[in-house]
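The values are calculated or read from the model by the stated rules, or taken from the named source; none is laboratory data. Model, not experiment: these values are computed from the prediction. FYI the Cβ positions are ideal-geometry reconstructions off the backbone, even for glycines, and counts take in every protein chain you see. In case anyone asks, the SASA skips ligands and DNA or RNA and just uses the protein heavy atoms, side chains included. Shrake-Rupley method; radii C 1.70, N 1.55, O 1.52, S 1.80 Å.
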Amino acid sequence: MPGRKTVFKIAARFGLRPQEMEEIKSGVYRLKSPSGTVYCLKRMAYPTDQIRWIDSTLLAIKRKGFASICWRDPNRSKGKVAFVRPGGKGPKYILTPWISGNKPRVTSKTDLYQCGKRLAQFHRFSRFAGRKSKGAPYYIGRWPEMLRSKRDIMEKTVERAKAKQDPSKWEELMLTYGSEWSKRAKSALEQLNKSSYRGLCQKARKTGALCHGDSGYKNFVLTKQGPVIIDFETLRVDLPVYDLFRFVRSIGKNSSWNFSLTRSILDGYRSVTPLKPADYELLAVWLQFPYKPCNLISRYRQTRSSSVRRKIEKQLEEAAKDEQRIPSFLQHLADYAKEVD
């Protein structure tokens with residue numbers, strides 16, 4: 001990781017000579033200029049073409065008049081450079097304003113309503129921005145392939161656990177919950193196959209569709225001007241309902257799947273953009289799929305660290321128990337869709 005001297009050199013490439021520096025987390029720095037203005041310096045370990053696409057896409061959205069996103073302002077001195085790459089190799093860095101405010105409270109219906117509304121506004125202003133182009137992560141039409149791949153890895157892991165004579169704790173988790181996860185994955189894929197997904201993808205290929213990609217509540221900051229959306233390294237071309245899924249899921253898992261809170265998100269979104277039956281249909285597909293267990297299984301397979309694996313085991317056990325509330329949650333979602341139709 002770069003030290004203080006290196007961080008200051010990177011900042012200087014943006015025309016910033018910070019007076020103070022604080023490392024918020026790995027690769028993210030809070031820098032304060034002599035005038036008191038605060039900036040965020042962030043490492044972006046992504047291909048150059050992708051960063052350029054993210055930058056040009058967000059600037060286009062800002063030019064349309066949507067100011068509630070945290071990104072550079074090319075008209076200001078510290079925003080003229082899109083990114084820098086120290087030494088001409090290695091990861092790139094971006095500099096954006098530091099947004100002061102609070103995170104939405106997961107139990108506040110008012111906060112969630114406002115964030116749901118802001119997400120819909122982001123999608124509305126980004127119409128026609130998400131197209132297949134150089135550097136764009138393109139996910140239109142890929143959902144069946146993605147979900148099948150996740151399911152296959154999960155089911156292979158479960159089958160290996162069944163073959164063990166003396167199963168470890170990890171393998172016991174596979175044996176305990178594997179059957180349930182397989183049923184949920186099968187149901188989700190069947191629902192997706194029967195859904196309007198293909199038709200929506202055909203339309204999106206013509207009109208464009210943009211997603212934040214990681215629209216959980218932690219990527220909203222509440223300010224006096226309302227919520228601001230941050231952290232756009234996951235920006236992608238995809239159906240907007242995927243963002244709604246990410247937001248709903250982030251609140252559900254942190255509130256014991258309390259549907260009244262999700263209702264506030266959906267109500268806020270609908271105050272800007274009506275939700276169609278196909279949107280609820282696809283939202284239910286992602287919620288039905290064992291998304292968290294599959295992701296944790298992939299992470300477990302990718303590491304050989306015993307301490308990391310123990311941490312993932314604990315997370316998986318908690319997620320498996322928590323997600324047993326999802327069938328009831330999905331019924332509430334279906335009832336809501338009928339109620340507001």
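Brief remarks follow.
- When the trypsin sites (Lys or Arg not before Pro) in the range 1-101 are filtered for DSSP coil states and for at most 15 other beta-carbon atoms within 10 Å of their beta-carbon, the remaining sites are Lys64, Arg76, Lys80, Lys89.
- Cross-link pairs beyond the 20 Å C-alpha cut-off, checked among Lys89/Lys218; Lys64/Lys218; Lys186/Lys218; Lys9/Lys62; Lys42/Lys218; Lys92/Lys311: Lys89/Lys218; Lys64/Lys218; Lys186/Lys218; Lys9/Lys62; Lys92/Lys311
- For the pair the range 196-218 and the range 104-160, the centres of their Cα atoms are 8 angstrom apart.
- Both radii are taken from the alpha-carbon atoms of the range 167-239; with Rh as the Kirkwood radius, Rg/Rh is 1.17.
- The range 240-257 - phi-based ³J(HN,Hα) in whole Hz, Karplus 6.51/-1.76/1.60, Gly and Pro as x: x, 4, 4, 5, 5, 4, 4, 5, 4, 5, 5, 7, x, 6, 9, 9, 6, 6
- Under the combined filter of DSSP loop state and at most 14 neighbouring Cβ atoms within 10 Å, the range 293-341 retains these trypsin sites (Lys or Arg not before Pro): Arg304.
- Tensor-based shape of the range 3-145 (alpha-carbon gyration tensor, a/c under 1.5 rounded, otherwise prolate or oblate): oblate
- Where N is the number of residues in the range 222-341, Cα Rg divided by 2.2 N^0.38 Å: 1.20
- Taking amide H as placed 1.01 Å from N in the peptide plane, Ile69 has its amide H under 5 Å from the amide H of Ile229, each at least 5 places away in sequence or on another chain.
- Accessible surface for the chain, divided over its residues, is 50 Å² per residue with a 1.4 Å probe.
- According to the calculation over all Cα-Cα pairs in the range 130-263, the P(r) per 10 Å bin from zero is 11, 27, 34, 21, 7, 1 %.
- Per-residue HN-Hα couplings for the range 127-136 [Karplus 6.51, -1.76, 1.60; θ = phi - 60°; Hz; x = Gly/Pro]: 4, 6, 7, x, 10, 6, 8, 4, x, 7
- Among the listed options (1) 21.4, 66; (2) 20.1, 60; (3) 21.6, 80, the one matching Rg and Dmax of the Cα atoms in Å as calculated from these coordinates is (1).
- Relative contact order (percent, whole number), the range 19-97, Cα cutoff 8 Å, 6+ residue spacing: 29
- Checking every one of the trypsin sites (Lys or Arg not before Pro) in the range 204-246 against DSSP loop status and a limit of 10 other Cβ atoms within 10 Å picks out Lys224.
- Once the gyration tensor of the Cα atoms in the range 272-337 is diagonalised, the equivalent ellipsoid follows with semi-axes of 32, 13, 8 Å, ordered largest first.
- For the chain, the longest principal axis of the alpha carbon atoms and the long axis of helix 143-162 meet at an angle near 60°.
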